[in-house]
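Worksheet: the structure to be examined is printed underneath.
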Amino acid sequence: MNIALPLDQMTIGDKIRTMEYLWDDLCLHADQVQSPSWHSDVLAERERNIRVGEASFEDWNSAKKKIRESLP
């Protein structure tokens, strides 16, 4: 199936809503989506970092604030 969206005519809001509709639909069928094999490698490395004390964590509100402050 080839779907052509008029991206050049869509507002940023339209594009974000379109992505949200797609994401919501994918979430309804999450059991049919396979993660790439490298995901397990990344997760294993992150778990190892936690075990050996090399991971750091930040609460979500602080992370959002940092992200917002880094944007132009």
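Observations, loosely collected:
- In this entry, ILE3 is excluded by the filter for residues that are part of a helix (DSSP H, G or I) and either touching a residue at least 60 places away in the same chain (Cβ under 8 Å) or β-branched (Val, Ile, Thr) (or both).
- One residue stands out among those in region 13-34 that are assigned to a helix (DSSP H, G or I) and β-branched (Val, Ile, Thr): the one that is surrounded by the most Cβ atoms within 10 Å (Cβ to Cβ), which is THR18.
- For region 48-63, a residue qualifies if it is over 19 Å from the mean Cα position of the chain (by Cα), assigned to a helix (DSSP H, G or I) and not basic (Lys, Arg), and the qualifying residues are ASN49, ILE50.
Computed from the coordinates by the stated procedures, all read-outs in this text should not be read as laboratory data. In this text, all values refer to a predicted model and were calculated from it rather than measured experimentally. So basically every Cβ, Gly included, is an ideal-geometry build from the backbone, and we count neighbours across all protein chains shown.
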